[in-house]
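Trainee: What follows is a single structure, and I will ask about it in a moment.
The values are calculated or read from the model by the stated rules, or taken from the named source; none is laboratory data. All values reported here derive from a predicted model rather than from experimental measurement. Quick reminder, even Gly has a Cβ in these numbers, built from the backbone with ideal geometry, and neighbours come from all protein chains shown.
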Amino acid sequence: MNEYDSDLVAQDLVSFGWKPTEYMEEADLIIVNTCTVRKKPEHKAYSFIGRAVALKKRRPHMIIAVIGCLAQQKKEEIMERFPEVDMVIGARDVVKFLDYFRETIHTRKKIVSACLDTYLRTPALVKGFFKGRVTGYVSIMQGCNNFCSYCIVPYVRGREISRPLEEIIKEMEFLVSEGVRDITLLGQNVNSYRWKDIDFPKLLKEVSKVEGLWRLRFTTSHPKDVSDELIACFKELENLCPHIHLPFQAGSNRILALMNRKYTREKYIELIEKLRNIRPDIAITADVMVGFPGETEKDFQDTIDLIKKVQFDNLFSFKYTDRPGTPAEKMKNKVPEEEKEKRLTVLQRIQKEITLKKNKELEGKEVEVLVEGFSKKGDQLTGRTETNKIVNFYGNIVNFYGNSELIGHIVKVKIEQAFANSLRGRFISYVR
Ligand code: SAM
Ligand code: SF4
């Protein structure tokens, strides 16, 4: 979501005549886009703002803007702590960033704005901006009405609001015309998308028709809202990738109730069964937390049990941290930090084994990979399977399709070795 917002602001600035620089030291404007979902990104944001402020001491004309969720929540605090910051613009208000920026450069007055009613508008859609990108995001809605007891999102991103279908399609068609082939629809809870009589499954059916869109994905789904109609889309829609990110957060019904998640572990397991019945090859990933207030060893073991039962392809796992203003912050029986750390280590070790086992099942198999670019080391090509697994492989230089020509195309790759975080394979053939 933040990457999408950053691109929106960057496109506005490019259309206003500004250019990105690779070097922070030569920037005339630094924008820090922040996240406040957990404590860690908050600390990272503060330390990055600190670096920008240090640079400004040498380049006083420089403008520093802090945008996003932390800006929404801690506007006054940021201004007090860093008087060198020129603009603080909240998560929802980033759509008006350019207007505020114009005002700042004309008046040099400080601007703090954090309105939560702002509409999500279509980005400037600047030609050439997405050059070289094969994957992209399109936001279909903003905000959240669920109020999970640990979560700050409804307070910093406001209530749910969906974008008109035509705007979503227009943006997707633009991305495809720029070479993007794999689009992820974004929302805090995409299942509650509604525009006139169009709900999320209907939206999926409409956008899957975008010509030239090879791969369609969405994130994030809330288990309480996954309908049979949505599950059926995994069979019906050819370009909908067999991958779902379905956060479960905890495996204990008592903790799920305290979290205000509105589903049980039994309901979650039933959903997974339905998904696998309809699409046996579907990859399932999720978010999970350890150390929610009052989580006992028995509750934690319920989480481990669920992980072993479901056999996730991968998990994003976090230690619970208090978020200001949320109901969980006020709950008693906080789990000590060392205990949270211990539980997280156990959980991650178990999941790593499962991920590796699942990846190993692919050894010797041929998979279709959408090539995104070169691997970190630069010697191999890298891309993803439909199930969102990273595959690194050597291109077929002897053949007409030399290495860089394969970027943006789908190729068949035979998996030779599986690791926990990626797969290594051998180029077999060009698909499209
Ligand atoms: N909307 C998504 C959902 O309902 O699952 C999740 C959005 S949240 C921005 C991303 C993840 O951060 C959550 O799934 C949760 O696991 C984690 N998270 C949220 N609040 C947290 C907190 N207070 N402490 C630790 N992790 C948290
Ligand atoms: Fe936060 Fe997701 Fe719950 Fe909304 S549904 S409150 S974004 S965890």
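Trainee: Looking at the structure I just gave you, is Ile152 within 16 Å of ligand 1 (Cβ to nearest atom), surrounded by 20 or more Cβ atoms within 10 Å (Cβ to Cβ) and within 27 Å of His409 (Cα to Cα)?
Mentor: No; evaluated as a whole, the condition is false for this residue.
Trainee: Return the residues of region 155-189 that are touching a strand residue (DSSP E or B) at 6+ places or on another chain (Cβ under 8 Å), among the small types (Gly, Ala, Ser) and more than 11 Å from ligand 1 (Cβ to nearest atom); say none if nothing qualifies.
Mentor: Gly158, Ser162
Trainee: Just to verify a result, which residue in region 281-306, among those that are within 10 Å of ligand 1 (Cβ to nearest atom) and in a strand (DSSP E or B), is nearest to Thr345 (Cα to Cα)?
Mentor: Val290
Trainee: Any idea how many residues of region 190-199 are in contact with a strand residue (DSSP E or B) (Cβ under 8 Å, 6 or more places away or on another chain) and within 16 Å of ligand 2 (Cβ to nearest atom)?
Mentor: 4
Trainee: Could you tell me whether region 1-8 includes any residue that is free of Cβ contacts under 8 Å to residues at least 40 places away in the same chain, surrounded by 16 or more Cβ atoms within 10 Å (Cβ to Cβ) and acidic (Asp, Glu)?
Mentor: For region 1-8, residues free of Cβ contacts under 8 Å to residues at least 40 places away in the same chain, surrounded by 16 or more Cβ atoms within 10 Å (Cβ to Cβ) and acidic (Asp, Glu): absent.
Trainee: If we keep just the residues of region 1-18 that are modelled with pLDDT of 95 or more and not in a helix (DSSP H, G or I), which is farthest from Cys35 (Cα to Cα)?
Mentor: Gly17
Trainee: If you don't mind, there's one more thing I want to ask. Of all residues in region 16-35, how many are over 21 Å from Pro123 (Cβ atoms) and of a type outside the set (A, V, I, L, M)?
Mentor: 5
Trainee: Here's something else I'd like to know. Just checking, how many residues over region 125-147 are within 15 Å of ligand 1 (Cβ to nearest atom), free of Cβ contacts under 8 Å to residues at least 60 places away in the same chain and surrounded by 18 or more Cβ atoms within 10 Å (Cβ to Cβ)?
Mentor: 4
Trainee: Separate question: Identify the single condition in (1) away from ligand 2 (no atom under 16 Å from the Cβ); (2) in contact (Cβ under 8 Å) with a residue 60 or more places away in the chain that Gly212 does not satisfy, given that it satisfies every other one.
Mentor: (2)
Trainee: Something else about it: Against the conditions (1) out of contact with any Cys (no Cβ under 9 Å at 6 or more places or on another chain); (2) within 16 Å of ligand 1 (Cβ to nearest atom), where does Ser192 fall short? Just the number, please.
Mentor: Condition not satisfied by Ser192: (1).
Trainee: Do we find a residue being surrounded by 19 or more Cβ atoms within 10 Å (Cβ to Cβ), within 29 Å of Ile152 (Cβ to Cβ) and not charged (D, E, K, R) anywhere in region 228-238?
Mentor: The answer is yes; a qualifying residue exists.
Trainee: Can you give me the ranges of the strands (runs of 3 or more DSSP E) entirely in region 341-432 with at least 2 residues that are in contact with a strand residue (DSSP E or B) (Cβ under 6 Å, 6 or more places away or on another chain) and of a type outside the set (A, V, I, L, M, F, W, C)?
Mentor: 366-374, 381-384, 410-418, 423-430
Trainee: Okay, next question. Please name all residue pairs, on different chains or six or more residues apart, with Cβ atoms under 7 Å, provided the first residue is in region 148-168 and is under 30 Å from Val210 (Cα atoms) and among the hydroxyl-bearing types (Ser, Thr, Tyr) and the second residue is part of a strand (DSSP E or B) and within 16 Å of ligand 2 (Cβ to nearest atom).
Mentor: Going by the 7 Å Cβ cut-off, the qualifying pairs are Ser162/Met141; Ser162/Arg194.
Trainee: Out of Ile255, Ile269, I need the residue that is surrounded by fewer than 21 Cβ atoms within 10 Å (Cβ to Cβ) and modelled with pLDDT of 95 or more. Which one?
Mentor: Step by step, each of Ile255, Ile269 is checked, and only Ile269 is surrounded by fewer than 21 Cβ atoms within 10 Å (Cβ to Cβ) and modelled with pLDDT of 95 or more.
Trainee: Out of (1) assigned to a strand (DSSP E or B); (2) over 30 Å from Ala328 (Cα atoms), the odd one out for Glu211 is which?
Mentor: Of the numbered conditions (1) assigned to a strand (DSSP E or B); (2) over 30 Å from Ala328 (Cα atoms), the odd one out for Glu211 is (1).
Trainee: Quick one: how many residues across region 155-184 are surrounded by fewer than 20 Cβ atoms within 10 Å (Cβ to Cβ), within 11 Å of ligand 2 (Cβ to nearest atom) and outside any loop (DSSP other than H, G, I, E, B)?
Mentor: Result for region 155-184: 1.
Trainee: Tally time: how many residues in region 307-333 are within 24 Å of Ala418 (Cβ to Cβ) and either more than 16 Å from ligand 2 (Cβ to nearest atom) or not in a strand (DSSP E or B) (or both)?
Mentor: 8
Trainee: Being more than 16 Å from ligand 2 (Cβ to nearest atom) and surrounded by fewer than 18 Cβ atoms within 10 Å (Cβ to Cβ) is the requirement here; does Ile89 meet it?
Mentor: Here the answer is no, as Ile89 does not meet what is asked.
Trainee: Which one is farthest from Met1 (Cα to Cα), of the residues in region 153-173 that are modelled with pLDDT under 95 and hydrophobic (A, V, I, L, M, F, W, C)?
Mentor: If we take residues in region 153-173 being modelled with pLDDT under 95 and hydrophobic (A, V, I, L, M, F, W, C), then Ile161 is farthest from Met1 (Cα to Cα).
Trainee: Next up: Working only within region 378-397, note down all residues that are modelled with pLDDT of 95 or more and farther than 15 Å from Arg426 by Cβ.
Mentor: Passing the criteria: Arg384, Glu386, Thr387, Asn388, Lys389, Ile390.
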